[in-house]
Amino acid sequence: VRRRAEIYVGDLVLAARALDASPQTAVAIAELLGFAAVPSAEPVQVLETRRDETPELTPQGEGEAEAEDEPVATEAEAEPVVPSELTRSTASPLLPSWLSRLEPLDAAGAATEPDPEPEPLFLPRWTPGILAAAVSARDREGPVDVDRIVRRLAHARPLEELPRLPWPTLRHGAQILVDASSGLDPFSRDQVHLVARLRRIVGSERVEVLRFVGCPTRGAGTGPVRTWMRYEPPRTGKPVVLLTDLGVGLAPFATDRAGTGEWLAFAERVRAAGCPLVAFVPYPRVRVPRALRRALAVVPWDRTTSIGAVRRLVGPVLEPTR
Amino acid sequence: VDATKHFEPKGKARKGRKEGDATAGGDRLDGLVYVWPRPTVLAVNVALATARPLLVSGPPGTGKSSLAPNVARITGRRYLHEFVTSRTQARDLLYRFDALRRLRDAQAGGTALKDDQAYVVPGVLWDAFDPEGAAAQRELAGIEGGRRSRRELAAGAVVLLDEIDKADPDVPNSLLEALGELNFTVDETGFLVEAKQDRPTPLVIVTTNDERELSRPFLRRCVVLTLPAPDAKGLARIAKEHGLDDEDDLHVRVAERVVELRDATTGSEGSPSTAEYLDALRARRSLETPLDGDVWEAIERVALLTPTEPASTPR
């Protein structure tokens, strides 16, 4: 049996027939195969198409009493009968049953429902790929680097080690630095969501999350601000991910705005520790000072960002240092 | 759920069981003891009927890893396994190319250098797809390998890829083609490895601890089974299967205590799983202690309440 394609209804039929499944078992098989058997909140409305009976919208599963409240369509006698598989309802407009059950909206402020979640800044279907591409370190553990071997042997030099091509890996985990400056207030929920996504993709036990204001060099930590410590880069090879605007979203003289020099010093510290540095910035790249764009991989945190674009942007900073 | 046409463990589950085995760990991989909830049996049957991989998730201690050897034992199939690590790459599960040995032979000169195919080492899926071919390849590569009877090979194989979520996310994706087509090519030599047409399709059981999310394309190709943490009744049944039940139902009381702790534990203390429950029962039986008093309290502390974080040192 060859099964290249995704699971489809044929698998369900195959399994149900092979196992002589009862209807109840067939439902269980469907769930195992990923066909969600979600019970409909509203009863399904079925349009009867028999010409010899009065067409009506029949809500399944509703009680008799409720059904009686529904307006019943009657066939218009004057209308000539046209041969057709479908018949047209000639009754007064059929009002759906839920219309009579509508309740007035709550008064302002009385709503108990939480605010709707904001749309993610990255395109949802690309998000895992974008994050994996941005946070994967490149270890020299890929296929043998034949070009380098040939070059060495052609120069009659011995091979001291077997050179291998860089290979992306999430093994090192990531240190996530979340900017808590006032300029990021509009994006605080996006930050929470992105951290959760990173935990799911990289592995929660491999992810360290620290918060900072202005620039991590001013101190960072996990708890209240008073407990924050001097920032230390993680061990060599562990990518550092910034969720920040690099100060571009704040007024020029805001106290929690770090200057380009401060950010460059931070980037240099991280680079010196041998850690790749990537920043997700919810603004266009052109608003980030050129010097910063050169010092760290600035990824626009936006729907237009693609996986390929992220690979191009972060590729150079993720290359192995040795 | 009533479908058990392909696979029915009833009556076979206890075969070969070692009564009251006090030495084996709770997470037994020897396929001797397993409790079979009907949804699990159905999932195995569906995976066999559709020739799809079976992806098993669930909390620790629910029997994810021990499912495969038990299915293998009951179906009479060969059991093959690979414990996935953070360094595992998809190709490791198919084959490995021993570039270092080839380089050494090349530098030695003369007749040392062999054909490239001699440096290919079969992986677990090669062994599952084509066991005779894998054995021949191992011989060519100069690797020792156990011989198996023709009857054993004809029954097919059950392959366990344990904890796939430990590997990088591209590993499951890179396996899609091999698992879907039941063939793959050795890149270095162009050698094609194919599953034998006259054999049952290998049953591939993949486990995940949900540490990382798996890609949608991978999930959409798998039969997905989530094993729930057993309730007190389920734990007591597992204890009985392991021969750790007591006439005075102490194992039931301990099971209830485990569920109580599991519901209450958060933060720095790990939630006790089936393995810890069985360990506590074994310790209690070995030390012949009642369920009250200091000894039981100590057992509970060390066997049921497993710290997940090192205790903080005073400054």
Practice problem: Would you pull out the residues with amide H under 5 Å of B:Arg96's amide H, same chain only if 5 or more places away, H placed 1.01 Å from N? | Solution: B:Val121, B:Gly123
Quiz prompt | Computed Kirkwood radius, in angstrom, where 1/r is averaged over Cα pairs of chain B | solution = 21.8 Å
Quiz prompt | Estimated vicinal HN-Hα couplings, Hz - region A:162-175 in sequence order (Karplus 6.51, -1.76, 1.60; Gly, Pro = x) | solution = 7, x, 10, 6, x, 9, x, 8, 9, 4, 6, x, 7, 9
Exercise. List, in order, the whole-Hz ³J(HN,Hα) value for each residue of region B:156-171 obtained from phi through the Karplus relation with A = 6.51, B = -1.76, C = 1.60 and θ = phi - 60°; use x for Gly and Pro.
Key: x, 9, 10, 10, 9, 9, 8, 6, 4, 6, 6, 7, 4, x, 7, 5
Exercise. Return A:Tyr231, B:Tyr119, B:Tyr277, A:Tyr8 ranked ascending by Cβ neighbour count within 10 Å, so the fewest neighbours appear first.
Key: A:Tyr8, A:Tyr231, B:Tyr119, B:Tyr277
Exercise. Please arrange A:Phe35, B:Phe7 by counting, for each residue, the other beta carbons lying within 10 Å of its beta carbon, fewest first.
Key: A:Phe35, B:Phe7
Quiz item: If you bin the C-alpha pair distances of region A:168-238 every 5 Å from 0, what whole percents do you get?
Solution: 3, 16, 23, 24, 21, 10, 2, 0
Quiz item: DSSP loop GluC sites (Glu not before Pro) in region B:76-162 with at most 11 other Cβ atoms within 10 Å of their Cβ, which ones?
Solution: B:Glu144
Quiz item: Near the amide H of B:Thr289, under 5 Å away, which other amide H atoms are found, from residues 5 or more places off or on another chain, if H is placed in the peptide plane?
Solution: none
Quiz item: If r is the Cβ-Cβ distance from A:Asp20 to B:Ser86 and R0 is 56 Å, what FRET efficiency results, to the nearest 0.05?
Solution: 0.80
Practice problem: Could you calculate the FRET efficiency of A:Ser204 with B:Glu152 from 1/(1 + (r/R0)^6), where r is the beta carbon distance between them and R0 is 35 Å, rounded to 0.05? | Solution: 0.25
Quiz item: What Kirkwood radius, in Å to one decimal, follows from the Cα pairs of region A:197-285?
Solution: 14.0 Å
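What FRET efficiency comes out for B:Ala99 versus B:Ala136 if R0 is 22 angstrom and r is the Cβ-Cβ distance? Round to the nearest 0.05.
Details: r = 21 Å, r/R0 = 0.97.
Efficiency, from the Cβ-Cβ distance: 0.55.
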Quiz prompt | Rounded to whole Hz, the Karplus (6.51, -1.76, 1.60) HN-Hα couplings of region B:283-297, x for glycine and proline | solution = 4, 4, 5, 5, 8, 6, 10, x, 7, 9, x, 5, 5, 5, 4
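Mind sorting B:Trp296, A:Trp126 by how few other Cβ atoms lie within 10 Å of their own Cβ, fewest first? All intermediate terms of the calculation are to be shown ahead of the outcome.
On the way: B:Trp296 19, A:Trp126 16.
Least to most surrounded, the residues fall as A:Trp126, B:Trp296.
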Self-check item: Cα-based radius of gyration of region B:108-199 once divided by 2.2 N^0.38 Å, which approximates compact folds
Solution: 1.22
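Summarise the partner chain shielding of B:38-44 as one whole number: the mean count of Cβ atoms from other chains within 10 Å of each residue's Cβ.
Numbers: counts 2, 3, 0, 0, 8, 5, 1.
Averaged over the peptide's residues, the number is 3.
What is the sum of charges around A:Arg285, taking Lys and Arg as +1, Asp and Glu as -1, for the other residues whose C-beta is under 13 Å from the C-beta of A:Arg285? Please list the in-between numbers first.
Values: positive: A:Arg287, A:Arg290, A:Arg293, A:Arg294, A:Arg312; negative: A:Asp245, A:Asp302.
Once all neighbours under 13 Å are counted, the net charge is +3.
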Practice problem: Average the reciprocal distances over every distinct pair of alpha-carbons in region A:250-322, invert the result, and give the Kirkwood radius in Å. | Solution: 13.3 Å
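For B:Thr111 and B:Arg199 in one chain, what is 0.36 nm times their gap in residues minus the Cα-Cα distance, to one decimal in nm?
27.8 nm
Give a quick list of trypsin sites (Lys or Arg not before Pro) in region A:216-299 that DSSP marks as loop, anything other than H, G, I, E or B, with at most 13 other Cβ atoms within 10 Å.
On the way: sites: A:Arg218, A:Arg226, A:Arg230, A:Arg235, A:Arg257, A:Arg269, A:Arg271, A:Arg285, A:Arg287, A:Arg290, A:Arg293, A:Arg294; in loops: A:Arg230, A:Arg235, A:Arg257.
Passing sites in region A:216-299 are A:Arg230, A:Arg235.
Extension gain A:Thr227-A:Trp126, at 0.36 nm per residue separation less the Cα-Cα distance, in nm? Don't jump to the answer; show the numbers that get you there.
Values: separation 101, 0.36 × 101 = 36.36 nm, distance 3.64 nm.
Going from the current span to full extension adds 32.7 nm.
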Quiz item: Amide H neighbours of A:Gly34 under 5 Å, counting only residues 5+ apart in sequence or on other chains, H built in-plane at 1.01 Å?
Solution: B:Val224
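Only the coordinates and a few stated rules stand behind these numbers; no lab work does. Nothing here was measured: the structure is a model prediction, and the numbers come from that model. Backbone-built Cβ (ideal geometry, glycine too); neighbour counts: all protein chains shown.
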